[in-house]
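Notes for the one structure printed next.
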Amino acid sequence: MVATGTDDRWLAAGGFALALACTLVLATTPAASGYEPSIYGAYPWYFWALGGLALLVGNVVVVRSARRGTTDWLYGLALVLTVVGLLVFLPYFRGYTLFGRADVLSHVGFIRDIQTTGQVSPGNIYPNFHLLVLSLAYATGIAPQTTLMSLAGIGSLFSILSFVALVGAVFDRRRALLSVPFATVLVAVQSVPYVFSILLVPFVLYLFVMERRTRALHVRAAFGLALFALVIYHPITVLFLVLVLCVYGVARLLHARGVLDSTEGLTGPVGPMPFSQLVVAVFAVWYLDFPKIVARFRIVIETLTAPGGGGSSAASYTETVAQYSPTVVDIVRIAALRYGESAILLTLGGCYALAVLVATLRSRTSGTVFRTTFVGGLGLFTGMSVLFFLVDLIVGFGRPLVYAELFAALLAGAFVYLAAERTGARSTVYGLTYVTVAVLLAISTMGLYASPMTVGQNQQVTEAEIQGSAWYIEHRDTGDDLSEFGIETHRFRDAIYGRETYDDDQVVTSDTDRIPRHFGYTENATLGASYESEKYLVLTAAGRTFYESLYPDYREFWKYEQSDFDRLPRDPTVSSVYDNGEYDVYRVNATA
């Protein structure tokens, strides 16, 4: 046993050496000097190889320690958290001004509203998120937008620790440690309310389990505070969490009536009022005061009563494949990087759920109400993911899929333990586990950030884009319309002037569809011949590289090519009025 522990510690030391090598690469790689289509291309291939290998070593140490009952898992977990920290904070290490080209910019605007007015604006649905960013910014002296960029990373590290504590509370330490590799992939890099609230769910569930186990008032108070805070973080998260509480209620009823055997006594909550009722009440009081939320629920009801399926994810994917005929290699690559992680987790969690179901039908098993809740939650949210995939409802199928992944990961470690103990082939089971974890880590690491590999655009925001947007909004003729490509100016307006405190002169409307294919040069000699009134045309580096970086093998479908961009300066109807190297503003004189 001593020799084994020594071996694991040496293995962990080797992993930390790999992490140190990654840190040296980060320190010696110059920060981004402009927009880059992919963060993966910013670092050499061996950086990702070293990081992935270090992450694998850390998880192997944890699993080996769990298998042998040593305390060396502490070294492995520390290594895992170190490498995850390096990966999720990459936008900060790259020197990005901001990370998130859509909602994140609007959230910066909400934060700016609070700074300007000293209060939460009436249309702010997520004040908890924005106040948390400001509190951390004031406490650390870091700029709010930089703090916002790091919030997903902080939440990811906290989520891993909460995940381990949750599995340990429901099962035991060994199965909790066996779940670490699967918790490692449930991290995120987008600092938006929904993502951050999801990262808090394992902690909220842990408090719920402890509240039922200990019946302590201070635990109940902590659970209530966390739950009500989560209500204001995001409505979808709370609705799904209420469903989890409903699953728990059904599971508890089945165990209480003897339908399912239980290995522990059933306890009720501390106090007369169920939290689920309080959550629903707080949800209704808070969110139903916002017209946009009410409108979304109305759309859901109309969709369910007369589903057409035209706008569903299934219809969208089918239409895309039919229209562009992507190669099998591209389909497999995109599917693997986007949904390979989900497939592996759902397979492992589903196998455990199936084993429990078969044993239950044969009356050969007993368990806790929380285990039943996990199994039921996996089934519920997997089914909801399929439904949301086939029918266009309030959100995309990825929202319930996140919960399905969570419950699958919670059960995956228990499946490894069950397979090893039931089959007796421990070496084979753990060997297959290491291989599965290696594949899972590779897929999750290369799919962590949007990139051309997943046909996604890097979410980097540059200082040049912010400066250019400010110049355009301040110097434009508000009577002329805007066409843009590679940027959403109204989002940058939010970040610069505030989401709800900007002036009437700063109202921005735009439409990318107003720009003709190839700037109209296939039909006309000039761009102005395509317009009947003067326009502004805004192009960014992100737009100029969009098709070339994301769809290099599908040139026949490109809306614009480099030759089209090169022709604009020679077009007599197009005048360049601003250019900072990444952000171009043109004024188009209409001649149609």
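Rule-based calculations on the coordinates, nothing more; no lab input. Here the structure is a predicted model, which means the values were calculated and not measured. Cβ coordinates were reconstructed from backbone atoms using ideal geometry, including for glycine residues, and neighbour counts include every protein chain displayed.
Points worth noting:
- The stretch 377-480, Cα convex hull volume normalised per residue, Å³: 185 Å³
- Under the span-like rule (Cα at least 20 Å along the axis, Kyte-Doolittle mean at least 1.6), DSSP H helices of the chain: 73-88, 217-233, 235-256
- Residues in the stretch 535-550 carry Karplus couplings, in order, of 9, 9, 10, 10, 10, 10, 4, 5, x, 5, 9, 4, 5, 5, 7, 8 Hz; the curve used is 6.51 cos²θ - 1.76 cosθ + 1.60 with θ = phi - 60°, and Gly or Pro positions show x.
- Under 5 Å, built H, 5+ apart or other chain: amide partners of residue 535: 588, 590
- Stretched out straight at 0.36 nm per residue, the stretch from residue 427 to residue 26 would grow longer than its current Cα-Cα span by 140.7 nm.
- Amide H partners (placed H, <5 Å) of residue 312, local residues excluded: 392
- The stretch between residue 503 and residue 319, if pulled fully straight at 0.36 nm per residue, gains 62.1 nm over its current Cα-Cα span.
- Taking a Cβ cut-off of under 10 Å around residue 170, the surrounding Lys, Arg, Asp and Glu residues balance to a net charge of +2, with basic ones at +1 and acidic ones at -1.
- Once backbone amide H atoms are built at 1.01 Å from N, residue 484 has 511, 512, 538 as its partners under 5 Å, excluding neighbours fewer than 5 places away on the same chain.
- Using alpha carbons only: equivalent-ellipsoid semi-axes of the chain, gyration tensor based, whole Å: 45, 29, 24
- Prolate/oblate/rounded label for the stretch 120-266 (Cα gyration tensor, a/c 1.5): prolate
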